[in-house]
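Structure, as structure tokens:
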Amino acid sequence: MKTAQSDGLLNGLTVLDFSQFLSGPSAALRLADLGARVIKVERPEGGDICRSLYIAKQKIEGDSTIFHAINRNKEGVSLDLKDPVDHQLALELIASADVMIQNFRPGVIERLGLDYESLKHINPQLIYASVSGYGNNQSSLRSKPGQDLLAQCMSGLTWLNGNASDAPTPFGLAIADLSASYQLVQGILALLVRRGKTKRGGLVEVSLLEALVDLQFEVFSNYLNGGDARPSRCSELNAHAYMSAPYGIYQSQNGYFAIASFAINKLGEILGLDELARMDDSRLWYSERSYIYARLAKHFVSENSDYWLGLLSSHQVWCSNVLDWPELFAHEGFKVLDFVQEIEQGNVKMLTTRCPIRINGQILKSNKGSPKIGEDNHKILSKLAK
């Protein structure tokens, strides 16, 4: 397995990461993994608030594991943007940068004089990337906190999860932040391609709300073209509001397994369920899906998962185990991906995931951890004074 370290497709590009929490820093991390030099710019006192955003109180070198996972492979500079001297240093950094990422609350970046309109004259080739909660506009949402759970709820996404009788159910991940970060990277890379042809920079903007709306483009298109007033979740075993049975997760005698789309009448024949085998009208697979799910659920608890997966796979039914994290990390199919990497964090070492992208067969890894607040001030800022 070939592994790339610091060099990559974006080698020679400098990215200034003025953002906090997850969406902006995650985008900057992806650019770092692709070879860019990323400089994280933080407040001298306290730095990125994400340093104290703990999961299960896990802490390494005084900061949260989340912070280290998101901000590995970066250098660090501390600047007080309200201080005239530090503000001038920030402008000098921006003047020579290729990309700047920020996710300040609406209006803050303008008051600091670091908005795109102010900076494009200083650096016409700058790619300026901005993340907001609900769009940089004058709507009533402008002052609403751009937070993941709130964005999920605003987007309608929470009505897709759980069964019909369940309350709106959020994802167990920061899906809004992560989706927005992926969209931001796409925009940045597109502008870099254009800049390579025209020498012009540009502004790319994404919001958590727009990222989640885009994530739902498939079901929204159904809604916009005559679908139900809102998603119709199945009464049990709901896995997709717009998919017919047997799409879902089932309990066996010793665990769980999943089945993707398959003709119900054919599945009934495989399982010896005559009432399902007679359902050759595909419209029934959706309209009667609660009945179908209940019948399948009752049937599948009679044997263990391996039995059902063996039987179904032999008939080309798309099916899979449902793995928990220990089972995933122990699976040979995961091990061969070489997806876990070790990074050096101060005096300790930490395990995290690598970049999921491969370039010409190479996986992209770096053992560089996240920076301490202002760790690279002398190395970076001293060059500006010369």
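Brief remarks on what is shown
- Residues of the range 169-191 satisfying the condition of being surrounded by fewer than 20 Cβ atoms within 10 Å (Cβ to Cβ), over 17 Å from I70 (Cβ atoms) and modelled with pLDDT of 95 or more: P170, Q186, G187, L189, A190
- Any hit, the range 38-51, residues being more than 30 Å from I363 (Cβ to Cβ) and either of a type in the set (A, V, I, L, M, F, W, C) or touching a Phe, Trp or Tyr at 6+ places or on another chain (Cβ under 8 Å) (or both): yes
- Tally of residues being buried (at least 22 other Cβ atoms within 10 Å of the Cβ) and of a type in the set (S, T, N, Q) across the range 126-147: 2
- Residue identified as under 28 Å from P356 (Cβ atoms) and either surrounded by fewer than 22 Cβ atoms within 10 Å (Cβ to Cβ) or not β-branched (V, I, T) (or both) among E61, E45: E61
- Restricting attention to the range 192-227 and to residues that are surrounded by fewer than 19 Cβ atoms within 10 Å (Cβ to Cβ) and among the small types (G, A, S), the residue that is farthest from F21 (Cα to Cα) turns out to be G226.
- Looking only at residues of the range 330-362 that are within 19 Å of V38 (Cβ to Cβ) and β-branched (V, I, T), we find that the one that is modelled with the lowest pLDDT is I359.
- Scanning the range 82-92 for residues that are of a type outside the set (G, A, S) and crowded, with 20+ Cβ neighbours inside 10 Å gives a single hit, L89.
- If you go through the range 355-386 and keep only what is over 23 Å from G8 (Cα atoms), surrounded by fewer than 11 Cβ atoms within 10 Å (Cβ to Cβ) and either aliphatic (A, V, I, L, M) or in contact (Cβ under 8 Å) with a residue 60 or more places away in the chain (or both), you end up with just A385.
- Applying the criterion of being free of Cβ contacts under 8 Å to residues at least 24 places away in the same chain and assigned to a loop (DSSP other than H, G, I, E, B) to the residues of the range 244-266, the residue that is surrounded by the most Cβ atoms within 10 Å (Cβ to Cβ) is Y247.
- Considering the range 252-288, the residues that are of a type outside the set (A, V, I, L, M, F, W, C) and in contact with a Gly (Cβ under 9 Å, 6 or more places away or on another chain) include one that is nearest to N238 (Cα to Cα), namely E275.
- Flag not set for E269, criterion: assigned to a helix (DSSP H, G or I) and either within 26 Å of L178 (Cα to Cα) or of a type in the set (V, I, T) (or both).
- Scanning the range 47-86 for residues that are of a type in the set (G, A, S), under 14 Å from K372 (Cβ atoms) and touching a residue at least 24 places away in the same chain (Cβ under 8 Å) turns up G47, G76, S78.
- Within the range 108-125, tally of residues that are of a type in the set (V, I, T) and not in a loop (DSSP other than H, G, I, E, B): 2
- Residues that are surrounded by 16 or more Cβ atoms within 10 Å (Cβ to Cβ), of a type in the set (A, V, I, L, M), in contact with a helix residue (DSSP H, G or I) (Cβ under 8 Å, 6 or more places away or on another chain) and closer than 30 Å to L89 by Cβ do occur in the range 339-354, at least one of them.
- Against the criterion of being touching a residue at least 24 places away in the same chain (Cβ under 8 Å), within 27 Å of D324 (Cα to Cα), in a loop (DSSP other than H, G, I, E, B) and among the polar types (S, T, N, Q), N163 qualifies.
- S181 vs. criteria more than 27 Å from A241 (Cβ to Cβ) and touching a Lys or Arg at 6+ places or on another chain (Cβ under 9 Å): no
- If you filter the range 190-227 down to residues that are of a type in the set (S, T, N, Q) and not in a helix (DSSP H, G or I), you find that the one that is nearest to A129 (Cα to Cα) is S207.
- Candidates in the range 287-341 are the residues that are assigned to a helix (DSSP H, G or I), of a type in the set (D, E) and out of contact with any Ser or Thr (no Cβ under 9 Å at 6 or more places or on another chain); of these, the one that is nearest to M243 (Cα to Cα) is E327.
The values are calculated or read from the model by the stated rules, or taken from the named source; none is laboratory data. Predicted, not measured: the structure shown is a model, and the values here were computed from it. Here the Cβ is made from the backbone with ideal geometry for all residues, glycine too, and neighbour counts use every protein chain on show.
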